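This report refers to the structure that appears directly beneath it.
The values are calculated or read from the model by the stated rules, or taken from the named source; none is laboratory data. What you see is a predicted model, and the numbers here were worked out from it, not measured in a lab. Backbone-built Cβ (ideal geometry, glycine too); neighbour counts: all protein chains shown. Only protein heavy atoms, including side chains, enter the accessible area calculation; ligands, DNA and RNA are left aside. Shrake-Rupley method; radii C 1.70, N 1.55, O 1.52, S 1.80 Å.
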Amino acid sequence: MTLPVCFSLNVNDAVESVEASPETPLLYILRNDLSLNGPKYGCGLGECGACAVLIDGRAVRSCTVPLGAVGARRVITLEGLGTPERLHPVQAAFIEEAAAQCGYCLNGMIIATAALLNRNTDPDEDAIREALRHHLCRCGTHMEILAAVRRAVAYAKVERARRSTLDGVSPKAAKEDSP
């Protein structure tokens, strides 16, 4: 390993400074230096998905991403998706469907679902299953997880409809309604 270097990271919309070797896996920085324990250490090989985070909206395995490769890109962990007061729709869907048993895989499943909805606002069953295909769950909550993803897709549809209704207000009507 090389000598430690000071890095500025954009994590959960906050700039964080850390000192580490550029080869250090991002997962270690998130958990050990920034106390973000949503991403889990599973296999350390990028195979299980427990360590998934969003980098610029795409799901990546943080155990295989060296700190030096992150640069100024935006990193979002499970903790950064929503807050306890205002959950991200995917988090809410997983809670409502009771899609957890041991919970170890949930970080990856939720991050994969958020990434799926970032790139496909109306995924079908095949797209959902493909997005989760490389995330391992050993407890057998697959049916609840799939139900949670379907619910998250439904929430995304409602949100799009709400936005299009708001966007559909004519400029004239908006001007008349304003004080």
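Comparing Gly108, Ile128, Cys63 along the charge dipole axis of the chain, the residue lying farthest to the positive side is Ile128, per the Cβ-charge model.
Heavy atoms of the protein chains alone define the surface here; on that basis the chain has 56 Å² accessible area per residue at 1.4 Å probe size. Between Ala154 and Val15, residue separation times 0.36 nm minus the direct Cα-Cα distance comes to 46.7 nm. For segment 5-102, the convex hull drawn through the C-alpha positions has a volume of 102 cubic angstrom per residue. Think of the chain as a dipole: +1 on every Lys or Arg Cβ, -1 on every Asp or Glu Cβ, centred on the Cα centre; then among Leu87, Cys6, Ser164, Ser164 lies furthest on the positive end.
Across segment 96-157, the volume of the C-alpha convex hull divided among the residues equals 71 Å³ per residue.
Note down the accessible area of Val75, probe 1.4 Å, to the nearest 10 Å². Val75 has an accessible surface of roughly 0 Å² with all protein chains in place. Working value for segment 133-172: equivalent-ellipsoid semi-axes of 36, 8, 4 Å, each the square root of 5 times a Cα gyration tensor eigenvalue, largest first. With q set to 0.10, 0.18, 0.20 Å⁻¹, the log10 of I(q)/I(0) for the chain, from the Debye formula over equal scatterers at the Cα positions, is -0.45, -1.11, -1.29. Heavy-atom surface analysis with a 1.4 Å probe gives the chain a carbon and sulfur content of 53 percent of its accessible area. Angle check, please: helix 142-167 long axis (alpha carbons) against the longest principal axis of the chain (alpha carbons), in degrees 0 to 90, nearest 10. Result, in degrees: 50. A Cβ-based charge dipole, computed about the Cα centre of the chain with Lys and Arg at +1 and Asp and Glu at -1, lands at about 220 debye.
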